[in-house]
Amino acid sequence: MRGKMKGNTPKTFAMLMLASAMLVTAGCGNSGTKETSESSGTEPITVTFFGADASPTWNKMQDAVGKKITEQTGVTLEAEYDVNDGGNQKIALMAASGDFPDMIYPKGNLSKLVDAGAMMDLTDLIEEHAPNLKKIYGEQMNRLKYSLEDQAIYTIPTNMGVDNVTFDATGGFEIQQRVLKELGYPEVKTLEDYENVLRAYYEKHPTIDGQPTIPLTLNADDWKIMITVTNPAFQATGAPDDGEYYIDPETYEAKLHYKRPEEREYFRWLNKMYNEGLLDKDAFVQKDDQYKSKIASGRVLGLIDQEWNYQEAENALKSSGKDDATYAHFSVSLNDEIVDHTFQPAGFDGYGIGITTSAKDPVRIIKFMDWLASDEGQVLRNWGIEGEHYNVEDGKRVIPDDVQDRKTNDNSNFSKETGIGMYNVFSARYGDGVKDSTDNYYTTNFPEQIVAGYTAAEKETLKAYGITTWKEFYPAEEDLPVKDWGAAYNMSVPSGTDYEVTFQKTQDIIRKRIPEAVLTTPANFDATYDALLADLDKAGAVEMEKQFTVWVKERVSLWTGKDVK
């Protein structure tokens, strides 16, 4: 949401002058990878950080990777992570008070910080002190710019890797491995297929371990309603993920995706599941921990979710010997004529981390980020420490079986102790499928390693379906066009505007009306859904959609050079 921002207001100009003064005071240094590490030295420095995403296994850098990072750079991170709010309240308070950490990962709240004069323009810092960042982003640097009007770089994307190749699916419509096995590994491609599988097993097993079996549950706790309730509506109806919008690929016109007639039919299906007793009666009132607790009990047959959202519960299943109660991932659509767009490529586009105007030594921080982006830093962050977490055999990095076993079956404790994968948010990185100068992959997510990381039950299921990874259930990226606008949910919008107020009104309506539509009687479903659509337009959705369309077109112009009207 690259909106029109304020120009150089007096406050913004003062902040820019402060940033320039900081750069002059800190001085310049050599910019090569080796020199960057040495010029940073090991002189201790503590850098404060706030992350808008939760990080339940953060161990205050007392893990193996964290200690090595501090040893190599002299930097200790004093980090605070949000738990369940996506940083919304905390960042609003920061913007109001002017009290900011040195570094921040604001997710969808970047505009609040930019408008408050909190974010440094990283353009010159990267140019002068960060050769590794320049190398990684390369031709993508244009996509780091804030907006068509304000082309500063306030954050560098770190929630995804550059040139990433997605080798596996970790979301979609999930079914327990044992359910599939008992039913002879049935075809699961449509909502009807998915429903039939859950119903058949539920009728045979009304209880599991003495507790009532739950065919399907959802997590509608706060913002997670988007992940398991509303986002699957566009996935199952052939639209890509653009957050709350559907964007016409020809005209770039944006509208709330709930207005698509086929999505009404998806929610009608959920209504049917509820009224037939296949959807958990508490799906819309349970809290996040209750949702995970049910999954960890092994009695939930099906989910519609992303693995990161229920991974703790699945790890508990593995640790307690219930491997067969873990989940397979399916591409499921409203009907067999729809093409799933889950893996439609958006190009390089992601949330990122920035340096605030409160940082006392931005040069030292950018050099720290640059070291993390070096080959040495990336291998450390992704693989861990040689001889401890991986070995090099015949020139190839190899994860020992005992380490892989812990990584697969005790992932939470493994992450907390090793720190592997915990530091990706702090700097740029190459994505899955990219190799370094030694002909090794930067990350551990490549086909052979992904297969090695599957549990025995997963491997059995995959073999039964004649595939090697869950992604093979889905249409491939190369069969779908790249989106000119990237991922619309990554776009920042101006804060304190009519758009922001209207958007929140529509969100409140959606979070009230969608559950009502699912939980009503079948006879009353259409009237309830009609009320949802009417309420959205009454709240100003049409004007909001027009404004968002303008921003989408501006982003396309900025990124592609097209003259989009």
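Return one number: the angle in degrees, 0 to 90 and rounded to the nearest 10, between the long axis of the Cα atoms of helix 288-297 and the longest principal axis of the Cα atoms of the chain.
60 degrees
Which order do the peptides 255-266, 115-126 come out in when sorted by mean C-beta neighbours inside 10 angstrom, highest first? Walk me through the numbers on the way to the answer.
Values: 255-266: 18.7, 115-126: 21.9.
Going from most to least packed, we get 115-126, 255-266.
Using the per-residue mean of other Cβ atoms lying within 10 Å as a proxy for protection, in what order, highest first, do the peptides 165-174, 50-59 fall? Could you put the intermediate results ahead of the total?
Values: 165-174: 20.8, 50-59: 17.2.
Peptide ranking by packing, descending: 165-174, 50-59.
Given H placed 1.01 Å from N in the peptide plane, which residues other than close sequence neighbours of Met491 have an amide H under 5 Å from its amide H?
Placed amide hydrogens put nothing under 5 Å from Met491.
Considering just Cα atoms, how many Å³ per residue does the convex hull of the stretch 219-301 enclose?
On the way: hull volume 8.3 nm³, N = 83.
Expressed per residue, the convex hull around the Cα atoms of the stretch 219-301 is 101 Å³.
Can you list which of the trypsin sites (Lys or Arg not before Pro) found in the stretch 60-110 are DSSP loop residues with at most 11 other C-beta atoms within 10 Å?
Those that pass, being in a loop and sparsely packed, are Lys60.
Once phi is turned into ³J(HN,Hα) by the Karplus curve 6.51 cos²θ - 1.76 cosθ + 1.60 with θ = phi - 60°, what whole-Hz value does each residue of the stretch 276-281 show in order, with x for glycine and proline?
In residue order, the calculated couplings are 9, x, 9, 9, 3, 5 Hz.
Roughly speaking, what % of Cα-Cα pairs in the stretch 412-534 are separated by over 25 Å, rounded to a whole number? Please list the in-between numbers first.
Details: 4630 of 7503 pairs.
It works out to 62 percent of all Cα pairs.
Using +1 on the beta carbon of Lys and Arg, -1 on that of Asp and Glu, and nothing else charged, what's the dipole of the chain about the Cα centre, debye to 20?
Result for the chain is approximately 1000 debye, rounded to the nearest 20.
Could you work out the per residue convex hull volume over the alpha carbons of the stretch 490-560, in cubic angstrom?
Given the Cα convex hull of the stretch 490-560, per-residue volume reads 102 Å³.
Per residue, how big is the convex hull of the stretch 162-246 when only Cα atoms are used? Give it in Å³.
Dividing the Cα hull volume of the stretch 162-246 by its residue count gives 148 Å³.
Add -39500 (n - 2.57) for each DSSP H run of 4 or more in the chain, then divide by its residues: what number comes out at 222 nm, to the nearest 500 deg cm²/dmol?
-12500 deg cm²/dmol
Restricting to the chain, what percent of DSSP beta bridges are antiparallel, rounded to 5?
Antiparallel bridges make up about 60 percent of those DSSP assigns within the chain.
Whose amide H sits under 5 Å from the amide H of Tyr81, counting only residues 5 or more places off or on another chain, with H placed in the peptide plane?
Here the answer is Gly51, since their amide H atoms fall under 5 Å of that of Tyr81.
Compute the helix-to-body angle for 541-560: its Cα long axis versus the longest principal axis of the chain, expressed 0 to 90° and rounded to tens.
50 degrees
Counting just the Cα atoms, what span does the chain cover along each of its three principal axes? Round to the nearest Å and put the largest first.
Each principal axis gives a Cα extent; for the chain these are 71, 60, 40 Å.
Of Lys281/Lys512; Lys67/Lys90; Lys112/Lys505; Lys322/Lys459; Lys259/Lys538, which sit over 25 Å apart, Cα to Cα?
Too far apart for the 25 Å limit: Lys67/Lys90.
Can you give me the angle between helix 525-538 and the longest principal axis of the chain, using Cα atoms only, in degrees from 0 to 90, rounded to the nearest 10?
30 degrees
Every number here is computed from the coordinates shown, using simple stated rules; none is lab data. Treat the numbers as computed from the prediction; the structure is a model and nothing was measured. Heads up, the Cβs are rebuilt from the backbone with ideal geometry, glycines too, and the neighbour counts pull from every protein chain shown.
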